[in-house]
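Engineer: To start, I am sharing the structure in question, which I have written as structure tokens.
The values are calculated or read from the model by the stated rules, or taken from the named source; none is laboratory data. Predicted model only: the values in this text are computed from it and were never measured. Neighbour counts run over all protein chains shown; Cβ positions are idealised from the backbone, glycine included. Side chains included, ligands, DNA and RNA excluded: accessible areas come from the protein's heavy atoms. Shrake-Rupley method; radii C 1.70, N 1.55, O 1.52, S 1.80 Å.
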Amino acid sequence: MKVYEFGQVGEQYFIASQFVAGETLASRLKRQQLDMRQSVELICQLADALAYAHEQGIIHRDIKPENILLDVHGRPFILDFGLARRLDDDANLTGDGALLGTPAYMSPEQARGETSQLGPASDQYSLGVVLYRLLSGTTPFSGP
């Protein structure tokens with residue numbers, strides 16, 4: 001997804017990006033389960049995208065089906081970098097103890113509120129939960 005411009009107007013930050021017609025993975029799963037081959041291919045593409053973000057020093061911190069857009073050709077895009085953080089950013093705006101993300105997809109360190117411990121492995125864990133959801137129809141853990 002191309003980013004055309006970003007900036008700030010007053011107190012409001014913005015990103016102007018390419019419009020991609022499609023639906024979220026969560027919406028698709030409400031209509032249709034993907035088969036094993038489709039699931040694995042999708043996760044491989046998402047793993048490549050996450051690897052690129054991690055190489056740029058960015059962790060997403062909220063990988064889940066609602067934040068994955070499938071275009072009309074089925075190509076995935078990772079959405080909503082609102083909770084993302086730069087790995088080299090010493091200013092941890094969400095100190096330890098803060099829970100950010102979606103509990104069913106959180107890594108153990110994220111669920112414990114250890115935000116200073118979050119790194120690429122946390123996103124990879126969440127992507128593994130997405131794969132589990134694709135293959136089994138449920139997340140590995142549920143409850144409050």
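Engineer: Please find, within region 90-115, the residue that is nearest to residue 56 (Cα to Cα) out of those that are loosely packed, with under 11 Cβ neighbours inside 10 Å and at pLDDT below 80. Step through it out loud before you land on a result.
Structural biologist: Let us first name the residues in region 90-115 that are loosely packed, with under 11 Cβ neighbours inside 10 Å, namely 90-91, 93, 95, 97, 108.
Subsequent filtering for residues that are at pLDDT below 80 retains 90-91, 93, 95, 97.
Working: 90: 16, 91: 18, 93: 19, 95: 22, 97: 26 Å.
Result: 90.
Engineer: Among the numbered criteria (1) over 23 Å from residue 4 (Cα atoms); (2) open to solvent by 40 Å² or more (accessible area, probe 1.4 Å); (3) modelled with pLDDT of 95 or more, which one does residue 87 miss?
Structural biologist: Here residue 87 clears every test but (3).
Engineer: Next question, about the same structure. Show the residue pairs that are 6+ apart or on different chains and have beta-carbon atoms under 7 Å apart, the first residue being within region 73-85 and touching a residue at least 60 places away in the same chain (Cβ under 8 Å), the second being open to solvent by less than 30 Å² (accessible area, probe 1.4 Å).
Structural biologist: The qualifying pairs are 77/20; 77/69; 77/71.
Engineer: Hey, among the residues in region 54-68 that are touching a helix residue (DSSP H, G or I) at 6+ places or on another chain (Cβ under 8 Å) and part of a helix (DSSP H, G or I), which one's nearest to residue 122 (Cα to Cα)? First the steps, then the outcome.
Structural biologist: First pass over region 54-68, keeping only residues touching a helix residue (DSSP H, G or I) at 6+ places or on another chain (Cβ under 8 Å): 54, 59-66, 68.
With part of a helix (DSSP H, G or I) added as a condition, the list becomes 54, 65-66.
On the way: 54: 11, 65: 16, 66: 17 Å.
The selected residue is 54.
Engineer: If residue 24 meets every condition in (1) of a type in the set (Val, Ile, Thr); (2) over 21 Å from residue 120 (Cβ atoms); (3) modelled with pLDDT under 95 apart from one, which number is that one?
Structural biologist: (3)
Engineer: Is region 120-127 home to any residue that is open to solvent by 40 Å² or more (accessible area, probe 1.4 Å), under 15 Å from residue 43 (Cβ atoms) and modelled with pLDDT of 85 or more? Break it down into steps so the answer makes sense when it comes.
Structural biologist: As a first pass, look at region 120-127 and keep what is open to solvent by 40 Å² or more (accessible area, probe 1.4 Å): 120-121, 124-125.
Filter once more, keeping what is under 15 Å from residue 43 (Cβ atoms): 124-125.
Of the ones still in play, those that are also modelled with pLDDT of 85 or more are 124-125.
The answer is yes, given that some residue of region 120-127 is open to solvent by 40 Å² or more (accessible area, probe 1.4 Å), under 15 Å from residue 43 (Cβ atoms) and modelled with pLDDT of 85 or more.
Engineer: Then there is this: Would you point out which residue out of 7, 74 is part of a strand (DSSP E or B) and small (Gly, Ala, Ser)? Working first, answer last.
Structural biologist: Working: 74 fails: part of a strand (DSSP E or B).
Matching residue, one of 7, 74: 7.
Engineer: Just checking, how many residues over region 24-40 are closer than 21 Å to residue 83 by Cα and either outside any helix (DSSP H, G or I) or of a type in the set (Val, Ile, Thr) (or both)? Step through it out loud before you land on a result.
Structural biologist: Narrowing region 24-40 to residues closer than 21 Å to residue 83 by Cα: 24-26.
Now drop any that are not either outside any helix (DSSP H, G or I) or of a type in the set (Val, Ile, Thr) (or both), which leaves 24.
Count: 1.
Engineer: Condition (residue is at pLDDT 95 or above, open to solvent by 30 Å² or more (accessible area, probe 1.4 Å) and touching a Phe, Trp or Tyr at 6+ places or on another chain (Cβ under 7 Å)) applied to region 131-138: is it met by at least one residue?
Structural biologist: No - not one qualifying residue is present in region 131-138.
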